[in-house]
Amino acid sequence: MQTLGELVLVRLGGCRYALPMASVAEVGRPPGLTRVPGLPAWVAGVANWRGRVLAVLDLRGLLSADTGELDRRGRLVVLSHGGVRVGLLVEGVAGGAAPDPESVEPALA
């Protein structure tokens, strides 16, 4: 049986998703974004995050969800893996958990 470790639960497109805690660098309020022409719609833009340029993704369109403005519960989850950082806009963060592996559905294709 595989151990999942600690996870951060987020709401995205009306569903809950789990992100590995080890990949979550920080969580904050969504910053002002600058759109970059020619990029797919799921790339929301770039932001000045702690003095660095951060690419910010909004995956709600890929999930066929409403891509309108986030309400006050919306957050930016900064993910880091292998020295690469990216921001992910989410509708909310539900907290951390260490769920039973049997209760977790496999990742989307």
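Laid out as a table, the results:
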read-out: Those trypsin sites (Lys or Arg not before Pro) in the range 54-98 that DSSP places in a loop and that have at most 13 other beta carbons within 10 Å; value: Arg72, Arg73
read-out: Estimated distance in nm for a label pair at Leu39 and Met21, the labels positioned 7 Å out from Cα along Cα-to-Cβ; value: 3.0
read-out: By average C-beta atoms within 10 angstrom, highest first, the peptides 6-19, 38-51; value: 6-19, 38-51
read-out: For Asp58, solvent-accessible area (1.4 Å; no DNA, RNA or ligand), Å²; value: 20
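The values are calculated or read from the model by the stated rules, or taken from the named source; none is laboratory data. Quick caveat: nothing in here was measured; it's all calculated off a predicted structure. Backbone-built Cβ (ideal geometry, glycine too); neighbour counts: all protein chains shown. Protein only, heavy atoms only, side chains kept; ligands, DNA and RNA dropped before computing areas. Shrake-Rupley method; radii C 1.70, N 1.55, O 1.52, S 1.80 Å.
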